[in-house]
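The values are calculated or read from the model by the stated rules, or taken from the named source; none is laboratory data. Predicted, not measured: the structure shown is a model, and the values here were computed from it. These area figures cover heavy atoms from the full protein model, side chains too; ligands, DNA and RNA do not enter into them. Shrake-Rupley method; radii C 1.70, N 1.55, O 1.52, S 1.80 Å.
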Amino acid sequence: QGVRSFFQPFNVTMMFVKAIVFAFILTSVPSFQGYYVKGGSIELGQASTNAVVYSDILILLADYVLALLLTQ
């Protein structure tokens with residue numbers, strides 16, 4: 001009774017949209033960073049650190065933008 005009384009179907013749609021956008025960010029940013037890395041292991045470590053930082057920042061921004069767009 002408790003779950004069904006507060007269930008909103010649009011929340012499921014918003015969850016799937018966010019999951020797709022976040023998955024795209026998590027796959028494309030590290031791929032881009034890894035594809036254009038030049039040098040040895042030090043540069044690879046820097047590229048992986050940059051990929052994690054950029055992905056985290058982009059996910060936070062995408063979450064904010066999607067929340068604004070989907071909750072209006």
With the 1.4 Å probe rolled over protein heavy atoms, the chain has an accessible area per residue in Å² of 81
Stretched fully, the stretch from K38 through F16 gains (0.36 nm per residue minus C-alpha distance, one decimal, in nm) 4.3 nm
Heavy-atom accessible area of the chain with neighbours in place, 1.4 angstrom probe: carbon+sulfur share in percent works out to 71
Diffing region 6-13: the Karplus 3J(HN,Hα) column from phi (6.51, -1.76, 1.60, θ = phi - 60°), in whole Hz with x for Gly and Pro, holds 10, 6, 10, x, 5, 4, 5, 4
Both in Å, the radius of gyration and Dmax of the C-alpha trace of the chain are 17.2, 59
From DSSP H assignment alone, runs of 4+ in the chain each adding -39500 (n - 2.57), the sum over residues rounded to the nearest 500 puts [θ] at 222 nm at -29000 deg cm²/dmol
